[in-house]
1. Those residues that are open to solvent by 60 Å² or more (accessible area, probe 1.4 Å) and in a helix (DSSP H, G or I), I need them from the range 60-73; list them, please.
2. Of all residues in the range 21-42, count the ones that are touching a residue at least 12 places away in the same chain (Cβ under 8 Å), of a type in the set (G, A, S) and open to solvent by 40 Å² or more (accessible area, probe 1.4 Å).
3. Can you tell me which residue among R76, R106 is open to solvent by 50 Å² or more (accessible area, probe 1.4 Å) and outside any helix (DSSP H, G or I)?
4. What are the residues in the range 80-103 that are farther than 19 Å from V42 by Cβ and either under 12 Å from the mean Cα position of the chain (by Cα) or assigned to a loop (DSSP other than H, G, I, E, B) (or both), if any?
5. Take W54 and decide whether it is free of Cβ contacts under 8 Å to residues at least 24 places away in the same chain and either open to solvent by 90 Å² or more (accessible area, probe 1.4 Å) or in a helix (DSSP H, G or I) (or both).
6. Name the residue that is nearest to L109 (Cα to Cα), counting only residues in the range 1-20 that are open to solvent by less than 40 Å² (accessible area, probe 1.4 Å) and part of a helix (DSSP H, G or I).
7. Take D115 and decide whether it is open to solvent by 60 Å² or more (accessible area, probe 1.4 Å) and charged (D, E, K, R).
Amino acid sequence: MKPTRIRVLVATFAAGGVVGGVVLGWAYGELPELPTSWVVPVAIIAVMIAFLAWTTRNRLTMQRGARPIDPIAVARFAALARACSPVGALLTGLWLGGLVFLLTQRGSLDAVAHDRKLAIAGIISGAALTAAALWLEWVCRIKIHDDEDKHGHRGRNEGPAHA
């Protein structure tokens, strides 16, 4: 599995921003007040992914008496991280696009002010999810030892690995 490419995250973020601004602009007058519950689960998942990255790092480096971790679990964590980072980028873009639209609104000040605060919280939670997922992916990467090259081959002066 290859690492997440930043350009994919940027493209996902930009597409989310355009869609968020256009859709909210098109349907804003018909929508009820945006619920706070749309932001909370993303923030909770971001905290959980960050905690998973922290504990996985400790277990891989055997810090603080941590017990070893199953390599299959690390691969699953890397796949989870790879899936979460574009979702976080998309949500961040959607909320940012919505915030840009909301900054142009003058309607009912209480409703618009509430939605602006919610959009800011959405941007923060989406960015936190992306950052936590990238950290977990970084923690789960395979480290190449000094005595091996990029392709896993040992140096010329060393005998076969199974000798």
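The values are calculated or read from the model by the stated rules, or taken from the named source; none is laboratory data. Keep in mind that what you see is a predicted model, and the values were worked out from it rather than measured. Positions of Cβ are backbone-derived with ideal geometry, glycine not excepted, and every protein chain shown enters the neighbour counts. The accessibility values were calculated without ligands, DNA or RNA, using every heavy atom of the protein model including side chains. Shrake-Rupley method; radii C 1.70, N 1.55, O 1.52, S 1.80 Å.
1. If the condition is that a residue be open to solvent by 60 Å² or more (accessible area, probe 1.4 Å) and in a helix (DSSP H, G or I), then L60, Q63, R64, G65, P71, I72 are the ones that fit.
2. Qualifying residue count for the region: 0.
3. R106 is the lone residue from the list that is open to solvent by 50 Å² or more (accessible area, probe 1.4 Å) and outside any helix (DSSP H, G or I).
4. none
5. Yes; evaluated as a whole, the condition is true for this residue.
6. Only one residue fits best here, namely G20.
7. The answer is no for D115.
Residues checked against (1) of a type in the set (S, T, N, Q); (2) at pLDDT 55 or above; (3) touching a Lys or Arg at 6+ places or on another chain (Cβ under 6 Å); (4) open to solvent by 100 Å² or more (accessible area, probe 1.4 Å):
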{"residue": "I123", "(1), (2), (3), (4)": "no, yes, no, no"}
{"residue": "A127", "(1), (2), (3), (4)": "no, yes, no, no"}
{"residue": "A131", "(1), (2), (3), (4)": "no, yes, no, no"}
{"residue": "L134", "(1), (2), (3), (4)": "no, yes, no, no"}
{"residue": "V139", "(1), (2), (3), (4)": "no, yes, yes, no"}
{"residue": "K150", "(1), (2), (3), (4)": "no, no, no, yes"}
{"residue": "G155", "(1), (2), (3), (4)": "no, no, no, no"}
{"residue": "G159", "(1), (2), (3), (4)": "no, no, no, no"}
{"residue": "H162", "(1), (2), (3), (4)": "no, no, no, yes"}
